[in-house]
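Colleague: A single structure is presented below for examination.
The values are calculated or read from the model by the stated rules, or taken from the named source; none is laboratory data. All values reported here derive from a predicted model rather than from experimental measurement. Every residue, glycine among them, receives a Cβ derived from its backbone with ideal geometry; neighbour counts consider all protein chains shown.
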Ligand code: SF4
Ligand code: SF4
């Protein structure tokens with residue numbers, strides 16, 4: 001049973017009102033970290049498979065052959081966007097990099113259903129960013145918090161980058177997009193991406209090192225300020241029916257949620273977090289000491305009106321209480337994982353069954369293109 005206790009004195013606790021202490025341990029962050037690590041491992045595996053596939057062609061078939069992992073196309077967001085426009089314009093799935101579109105659609109649907117959960121639960125770059133910041137905390141024991149006048153314009157950088165990519169894709173005709181993807185540059189865009197990291201220029205190394213250094217000092221610097229993919233997910237997430245919701249009656253104004261939010265949102269001052277920056281990471285709920293003060297839910301929480309319930313028949317009372325319980329039902333971390341898993345594995349399986357997952361080109365095409373990937377430009 002929940003226990004009624006006075007709040008523990010903390011530096012930020014301003015209220016003295018009694019509150020119901022949460023009686024169940026919160027496992028959301030453990031579950032989220034497990035999903036992040038699993039997805040990181042999956043991407044490392046895909047990267048290794050893809051590298052071996054590329055080496056097969058670079059060595060003229062002297063290594064052992066491994067099928068090209070279509071999942072690597074998750075790293076081709078522009079191809080995904082192009083294929084999505086091509087599909088919406090022609091109602092045909094492009095034969096080149098169809099998995100890029102399938103994965104983009106999966107992540108867009110997850111952002112619509114569960115806020116920008118892709119960023120905090122699945123994205124390997126988001127995971128690296130998060131862990132780098134924690135490492136920075138261990139090393140420097142402090143974090144650089146940017147002033148608001150700088151934070152807000154920096155956040156808009158990712159939307160400017162997104163606008164640029166959307167503009168480029170939007171101005172190309174469906175036929176133009178198809179021709180682009182069918183050209184050598186389009187076919188081996190993934191190999192060029194791999195080669196960028198394998199044969200990195202000094203400028204590339206300097207940029208990556210700067211980002212790593214900034215990530216150690218500033219929380220989620222890539223995700224909050226620069227990532228156009230996250231910006232797209234964030235815009236879609238505004239339409240999400242599920243939001244972080246704060247019940248003012250249950251809240252004790254301790255401000256812990258605001259301090260825990262990696263997106264630096266003023267959770268303790270809001271009733272509903274509608275921001276495109278909310279990643280559905282549940283860190284605010286994990287730290288909240290008050291029962292039901294914060295929930296990841298479809299609708300704002302309702303308190304049963306006992307006076308009204310006493311005046312009506314037991315059957316109607318029971319129905320009213322059941323309705324309120326259903327209304328108050330919040331998404332648990334396990335449910336978030338279940339929805340993400342159903343979306344991810346369900347849509348990939350559907351794409352495989354309908355032959356819209358693999359790019360099926362003869363090996364001779366790849367043998368001709370892959371060893372000379374760096375020579376092709378668009
Ligand atoms: S509001 Fe909560 S769920 Fe959203 S980003 Fe902040 S801590 Fe995460
Ligand atoms: S919602 Fe935020 S301010 Fe309110 S009790 Fe929970 S952590 Fe404290």
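Colleague: Any idea which of 33, 23, 27 is modelled with pLDDT of 95 or more, under 30 Å from residue 260 (Cα atoms) and surrounded by fewer than 17 Cβ atoms within 10 Å (Cβ to Cβ)?
Modeller: Working: 23 fails: modelled with pLDDT of 95 or more; 27 fails: modelled with pLDDT of 95 or more.
Of the residues listed, the single one that is modelled with pLDDT of 95 or more, under 30 Å from residue 260 (Cα atoms) and surrounded by fewer than 17 Cβ atoms within 10 Å (Cβ to Cβ) is 33.
Colleague: Could you list, in sequence order, all residues of the stretch 330-362 that are loosely packed, with under 13 Cβ neighbours inside 10 Å and either touching a helix residue (DSSP H, G or I) at 6+ places or on another chain (Cβ under 8 Å) or farther than 24 Å from residue 57 by Cα (or both)? If you could, list the steps in order and put the result at the bottom.
Modeller: Going residue by residue through the stretch 330-362, those that are loosely packed, with under 13 Cβ neighbours inside 10 Å are 334, 338, 341-342, 345-346, 349-350, 353-355, 360, 362.
Result: 334, 338, 341, 342, 345, 346, 349, 350, 353, 354, 355.
Colleague: Moving to a separate point now. How many residues, within the stretch 42-96, are part of a loop (DSSP other than H, G, I, E, B) and farther than 17 Å from residue 360 by Cβ?
Modeller: Taking the stretch 42-96 first, the residues part of a loop (DSSP other than H, G, I, E, B) are 59-69, 76, 91-96.
Next, from what is left, pick out any that are farther than 17 Å from residue 360 by Cβ: 59-64, 91.
Residues meeting the conditions: 7.
Colleague: Further, regarding this structure: Is one or more of the residues making up the stretch 109-126 under 16 Å from residue 215 (Cα atoms), assigned by TED's automatic domain parsing to the domain that holds residue 340 and surrounded by fewer than 23 Cβ atoms within 10 Å (Cβ to Cβ)? Steps first, please.
Modeller: First pass over the stretch 109-126, keeping only residues under 16 Å from residue 215 (Cα atoms): 119-120, 123-126.
Remaining after also requiring assigned by TED's automatic domain parsing to the domain that holds residue 340: 119-120, 123-126.
Cutting the leftovers down to surrounded by fewer than 23 Cβ atoms within 10 Å (Cβ to Cβ) gives us 124-125.
Yes; the residues of the stretch 109-126 include at least one that is under 16 Å from residue 215 (Cα atoms), assigned by TED's automatic domain parsing to the domain that holds residue 340 and surrounded by fewer than 23 Cβ atoms within 10 Å (Cβ to Cβ).
Colleague: Taking the condition of being closer than 22 Å to residue 275 by Cβ and assigned to a loop (DSSP other than H, G, I, E, B), how many residues in the stretch 97-153 meet it? If you could, list the steps in order and put the result at the bottom.
Modeller: As a first pass, look at the stretch 97-153 and keep what is closer than 22 Å to residue 275 by Cβ: 107-123, 125-127, 129-130, 133, 143-153.
In the following step, the residues that additionally are assigned to a loop (DSSP other than H, G, I, E, B) were identified as 115, 123, 143-147.
Summing the residues that are closer than 22 Å to residue 275 by Cβ and assigned to a loop (DSSP other than H, G, I, E, B) in the stretch 97-153 gives 7.
Colleague: Quick test for you: out of 249, 231, pick the one residue that is out of contact with any strand residue (DSSP E or B) (no Cβ under 6 Å at 6 or more places or on another chain) and assigned to a loop (DSSP other than H, G, I, E, B).
Modeller: Values: 231 fails: assigned to a loop (DSSP other than H, G, I, E, B).
Selected residue: 249, the only one of 249, 231 that is out of contact with any strand residue (DSSP E or B) (no Cβ under 6 Å at 6 or more places or on another chain) and assigned to a loop (DSSP other than H, G, I, E, B).
Colleague: Being over 30 Å from residue 295 (Cβ atoms) and in a helix (DSSP H, G or I) is the filter here; which residues of the stretch 327-363 pass it? Even if it seems obvious, please write down each step before you answer.
Modeller: Pass one, the stretch 327-363, residues over 30 Å from residue 295 (Cβ atoms): 348-363.
Correct list: 348, 349, 350, 351, 352, 353, 363.
Colleague: I would also like to ask the following. Across the stretch 257-309, which residue is modelled with the lowest pLDDT among those that are away from ligand 2 (no atom under 11 Å from the Cβ) and in a helix (DSSP H, G or I)?
Modeller: Applying the filter and picking the extreme gives 306.
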